[in-house]
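Structure first, then comments.
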Amino acid sequence: MATNAVVLVGGTLGELIVYGPLGALLVSALFFALPTQSAFSFSTEVDSPSWRSLPNHPWMFIGVALLAILSLKVSWVCFWGLSVVTLTAYFFSGVDTGATKPFLVRHSVIGRYQRMVVLLTALVAVLLTLWVSRSDADDAFYVGIAAFAHAHPGAALMSQDPMHGEVNWPLIFPSYRFTSYELLMAAIAQVLGIPAMDVAYCVLPPLAAGATVVATFFLAKQVAPRRWLAVGLITLILGLILGECHRGPANFMFVRMFQGKAVYLSALLPLIYALTFRYARGQQSSRDILLLACAQVAAIGISNFAMLAAPMAAGTAFAAAWVTTPKTAYRRMLPVALTLLIPVPYLLYVAIASRDGVLVVGTQDTAETVWRSVFGERQQYFIALLLLIGPAFARDTRERLWLVVPPFLLLTILLNPFLAGFISRYLTTAPVYWRVTWCLPILTYLAQSFCLIFDQAAKRFTVRNPALWMASLLVLMLFSGLHYNVLRRTNDVQWHFAGWKVAPSELTVAQDVNGLAPLGTRIVAPESVTSIIAMFEQHPRLVSVRDMYLEMLAPAIGNRDYQIRKRVLNFVSEGLATGVNDKAVSDAFAQLKVGAVVLSSAVATNASNRALLAENGFVLTKTSGNWTIWLHSAPMWRRHPL
């Protein structure tokens, strides 16, 4: 919130470096001043109201769940309906074992062996995060914010577009005004005297990886106190093998830990669930409420969509906790509900600011498209199997409800095929509707279900050494998931230790053209190159960074400027298309004062493309891999900056 306050009053990076730590110190002081135990207490037994009257027939539930999974081949709507029926049946049926004892353990001791496993796992996660990279063009904006703030420490923060270098261009979307993660990068870069890209790719990601491991085990300890270590390890293993789709949660863990949205999905989301469940389990503490409030505030600044996803996640976790809370303790759950209101003022500001601003358009995803594009055409069966069958073997009512309520809300509301259009249009916007899945820490839920199913199998087949069998199954899972694991080469993953997480060939040409471009001119290049140039502290003005960003900025810059820039972009991307007026392209070069052009070798080898560049005074200056750099030869441009 200190960052937001500095931004809203037009503060600079220097002021943020001063006031930001003060805000952190105040929150820390408040945390340690709060009591560790609540002044109120209540029984942690789960009520069994009259409406939970269905008999517990696990194998009947499993039969319906298997039918739902098989229906995925035929109709997703049929799968959706059968899944809702299965989860509803779980909800209205109790567990006859009465085994609530594991959830009544208030202070379980973590042994030396367990601490060592967590520490070693965190170390592996840190090294993996440093070593692996999966470049993403979105970094042009994210790292561009940090680079621009670092290069202009006296400028008002988040007051203009940080990528293109143009004066008075606005941010691409109003909600980005509240970003804080990228400004943290800039502050660290300023204090350490290093480039923002070093902070973004080498300093913060390993810290986020360690936080992910801690948050994962923390959540595992709340949902599975007796076998939290196994659940945590399986969660992280699933984060390596469930990598079929770019949108999947596993493809944000480790390989994209350099982005704020990955930090939210991998670390902050499990933390929100863990704190809510711990509070609901009878271990109430005012400190948990403060941490939940801080998590909501952090989500606002860590990712654009997390401003909406975090309250949705906290709401689903709260609902799961609420239905397991005795009626006498409803009053104690009120502070948890109040933390859900923290993002409301920010969301209202964004709604008002967006009314006459950028119009975000995109393909309208259906609920089925979201499910398949997040969980994969092949791996969706494995995910559905664990989600729908695991709750059948829950050891008590609370465990079953914690496993059932969040997926139930995800399917019945957010992925409801009859509500998808409304939610996409009025709540999330079409391009990011798929991110409604960010309300559920799906990997931990799958891991817990896996352990429950394994327990049931071990009991039925009288397994003598269950730990050995589980280890064998985990190894089998790793091998079976090799074809779609997140580290596969076809997943655009590259390996280089503690380096910038961008494609090396594009980085080389970006550095070359950034140093060669004549003073006062603009650079035009394909977006794979300009998205890297935008992350440099110092660079010439760019005709465009990404087509998507230019389209979002079109209402602000005017249709004429947009069309001129689009004409040049089409040329560098595809060359002269049939029927295109080459004079219009030449005029666009002159109007934009383009001084450097980057073409792929495929475009540059075309004779008509080379002729057009020569007619406009461009000379082939350098070849870098599959890229060619063309510079304008007019010396007057060096003497007359724009």
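Within segment 516-548, which residues are assigned to a helix (DSSP H, G or I), under 18 Å from Asp138 (Cα atoms) and open to solvent by 20 Å² or more (accessible area, probe 1.4 Å)? Correct list: Glu527, Ser528, Asp547, Met548. Restricting Ala317, Ala313, Ala306, Ala298 to residues that are out of contact with any His (no Cβ under 8 Å at 6 or more places or on another chain), surrounded by fewer than 24 Cβ atoms within 10 Å (Cβ to Cβ) and either of a type in the set (Gly, Ala, Ser) or touching a residue at least 40 places away in the same chain (Cβ under 8 Å) (or both) narrows the list to Ala298.
Within segment 271-283, restricting attention to residues that are open to solvent by less than 10 Å² (accessible area, probe 1.4 Å) and touching a residue at least 40 places away in the same chain (Cβ under 8 Å), which residue is farthest from Ser354 (Cα to Cα)? Ranking the candidates gives Gly282 first. Determine whether Val255 is touching a strand residue (DSSP E or B) at 6+ places or on another chain (Cβ under 7 Å) and within 25 Å of Tyr484 (Cβ to Cβ). Yes, satisfied. If you go through segment 133-181 and keep only what is within 18 Å of Phe536 (Cα to Cα), open to solvent by 10 Å² or more (accessible area, probe 1.4 Å), not in a loop (DSSP other than H, G, I, E, B) and not small (Gly, Ala, Ser), you end up with Tyr142, Phe148, His150, Tyr181.
The C-beta contact set for segment 499-526 (first residue free of Cβ contacts under 8 Å to residues at least 12 places away in the same chain, second residue assigned to a strand (DSSP E or B), distance under 8 angstrom, 6+ apart or interchain) comprises Pro504/Gln494.
Among all positions in segment 369-389, there is at least one residue which is modelled with pLDDT of 90 or more and over 26 Å from the mean Cα position of the chain (by Cα). So is Glu551 more than 15 Å from Ile629 (Cα to Cα), of a type in the set (D, E, K, R), open to solvent by 60 Å² or more (accessible area, probe 1.4 Å) and more than 29 Å from the chain's Cα centre (by Cα) or not? No. At least 1 residues being within 21 Å of Leu519 (Cα to Cα), modelled with pLDDT of 90 or more and in contact with a Lys or Arg (Cβ under 6 Å, 6 or more places away or on another chain) is the threshold, and among the strands (runs of 3 or more DSSP E) wholly inside segment 571-642 those reaching it are 594-600, 627-632.
Closer than 18 Å to Val405 by Cα and either outside any helix (DSSP H, G or I) or modelled with pLDDT of 90 or more (or both) - does that describe any residue in segment 289-304? Checked segment 289-304: no residue is closer than 18 Å to Val405 by Cα and either outside any helix (DSSP H, G or I) or modelled with pLDDT of 90 or more (or both). Screening the candidates Asn491, Asn416 for the property of being touching a Lys or Arg at 6+ places or on another chain (Cβ under 8 Å), polar (S, T, N, Q) and either under 30 Å from Gln538 (Cα atoms) or at pLDDT 85 or above (or both) yields one hit, Asn491. The number of residues in segment 48-67 that are exposed (fewer than 12 other Cβ atoms within 10 Å of the Cβ) and either at pLDDT 85 or above or assigned to a helix (DSSP H, G or I) (or both) comes to 1.
Of Glu15, Glu45, all but one fail to be assigned to a helix (DSSP H, G or I), charged (D, E, K, R), open to solvent by 60 Å² or more (accessible area, probe 1.4 Å) and at pLDDT below 90; the exception is Glu15.
Quick one: Asp512 ticks every box in (1) part of a loop (DSSP other than H, G, I, E, B); (2) surrounded by 16 or more Cβ atoms within 10 Å (Cβ to Cβ) bar one, so which box is it? Only one criterion in (1) part of a loop (DSSP other than H, G, I, E, B); (2) surrounded by 16 or more Cβ atoms within 10 Å (Cβ to Cβ) is unmet by Asp512, namely (1). Taking every residue in segment 247-264 that is at positive phi and pairing it with any residue that is of a type outside the set (Gly, Ala, Ser) and in a loop (DSSP other than H, G, I, E, B), at least 6 positions away or on another chain, the pairs with Cβ-Cβ distances below 8 Å are Phe254/Val486.
The values are calculated or read from the model by the stated rules, or taken from the named source; none is laboratory data. Everything numeric here is computed off the predicted structure, so don't read it as measured data. Because the Cβ atoms are built from the backbone with ideal geometry, glycine has one as well, and the counts that use them run over all protein chains shown. What goes into the accessible areas is simple: the full protein's heavy atoms, side chains included, and nothing from ligands, DNA or RNA. Shrake-Rupley method; radii C 1.70, N 1.55, O 1.52, S 1.80 Å.
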